[in-house]
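Read-outs: derived from the displayed coordinates by stated rules, not from any lab. Everything numeric in this text was worked out from a predicted model, so none of it was measured. Glycine gets a Cβ as well: all are built from the backbone with ideal geometry, and neighbour counts include every protein chain shown.
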Amino acid sequence: MSAKPDPKPAEGDPPPAKSGKRKKLIMLAVPLILVLAGAGLWFTGILPKMLGMQKEEPKKEEAAKPAVPIYVDMPDMVANLNGDPRHPSYLKLQSRLEVSKQEDVEKVKQSMPRLLDLFQTYLREMRPDELRGSAGTYRLREELIARANVAVAPAKVNDVLFTQMLIQ
């Protein structure tokens with residue numbers, strides 16, 4: 001005959017331990033509470049300030065006076081536009097580059113042959129109908145700014161200003 005264990009504990013034995021649900025709940029709740037408290041402190045700005053990660057406010061003197069832009073004249077450019085070969089179209093462009101630092105002027109002047117090459121190459125691929133209207137001029141300006149920044153890197157060109165643009 002087999003002896004079956006008695007399901008009831010004896011009077012002197014301690015009560016059996018609970019299945020550990022309470023322990024699992026504590027193990028999950030504590031990290032969750034810590035994460036939520038950290039997120040709350042981070043988004044209220046308290047934690048970045050405590051960690052020294054807060055941005056310093058710019059000085060009022062520097063913020064008060066705006067940076068004076070500096071302009072660099074580009075040589076006149078004439079480009080044959082990509083269009084009907086029987087009726088060629090030409091673009092004459094006079095422009096200026098806007099830079100924010102005086103030391104960038106010298107970098108732009110040193111990069112002028114590369115700038116002219118990039119501008120001429122782009123202009124020769126344009127069609128006359130792509131330059132029509134203010135939207136066409138805006139797209140041309142944005143493309144020339146991107147090419148100028150590639151040519152004069154690490155200097156930065158802020159804008160390309162058109163002083164004359166003739167399409168024939």
Cβ-based net charge around A79, under 9 Å, with every Lys or Arg adding one and every Asp or Glu removing one: +2
May I ask you to order 159-165, 144-150 by the average number of other C-beta atoms within 10 Å around their residues, highest value first? 144-150, 159-165
